[in-house]
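Quick notes on the structure that follows.
The values are calculated or read from the model by the stated rules, or taken from the named source; none is laboratory data. Nothing here was measured: the structure is a model prediction, and the numbers come from that model. So basically every Cβ, Gly included, is an ideal-geometry build from the backbone, and we count neighbours across all protein chains shown.
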């Protein structure tokens, strides 16, 4: 998994932010590239550029090895993301891909929990193999 | 692969796809639909300057074919959330 972050700040501001704040939070340099999109053109392509404020909203995109978008989420600036949920989704998409589509992850799935194997037999029978409570347990 | 560059007095030039010429409105609408992000569809490619572990470089999304990529947009450096 490769991480890329993007904002409208210049690469020089990225450098100083890393040096003066982020590296102090994590006790090392930011381990992924920090991209600059000063004219917002990338943000516009991804539908998350706020023209009025001149900034990019909290959009995040999961892209598979074929370059295909598998998932995205966009939040308005004041609310931060749930990183654990993003990681859970990435692991789920990776599992599905590795299974070549023979497995699917039901609601509430996380690594270690059971997957479903879609087939004609499963139609109408999910209730036999999966309980609603599994969507809510940790 | 990303190539390092040395900063000058200006932001380095990045070859961006030419902005398409203003088209009649009907075509413009079609264009907008084309650029909408959808799951199951290709992620739009881009090239951008980047800061990465002490270096400045240009990075294109297309360089990452073959790997999972997580792109994270945010409002600005030195913000709180």
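Quick one: would you say residue A:82 is more than 9 Å from chain B (Cβ to nearest Cβ) and more than 26 Å from residue A:3 (Cα to Cα)?
no
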The one condition residue A:26 fails out of (1) within 12 Å of chain B (Cβ to nearest Cβ); (2) under 24 Å from residue B:49 (Cβ atoms) is (1)
A careful count of residues in the stretch A:2-20 that are in contact with a helix residue (DSSP H, G or I) (Cβ under 7 Å, 6 or more places away or on another chain) and either within 18 Å of residue B:6 (Cβ to Cβ) or more than 7 Å from chain B (Cβ to nearest Cβ) (or both) gives 0
Given the conditions (1) within 19 Å of residue B:48 (Cα to Cα); (2) without any contact (Cβ under 8 Å) to a residue 24 or more places away in the chain; (3) in contact with a helix residue (DSSP H, G or I) (Cβ under 7 Å, 6 or more places away or on another chain), every one holds for residue A:29 apart from (1)
From the option list A:1, A:25, single residue qualifying as in contact with a strand residue (DSSP E or B) (Cβ under 9 Å, 6 or more places away or on another chain) and over 16 Å from residue B:75 (Cα atoms) is A:1
| query | Can we say residue A:101 is surrounded by fewer than 11 Cβ atoms within 10 Å (Cβ to Cβ) and either assigned by TED's automatic domain parsing to the domain that holds residue A:62 or closer than 17 Å to residue A:70 by Cα (or both)? | reply | yes
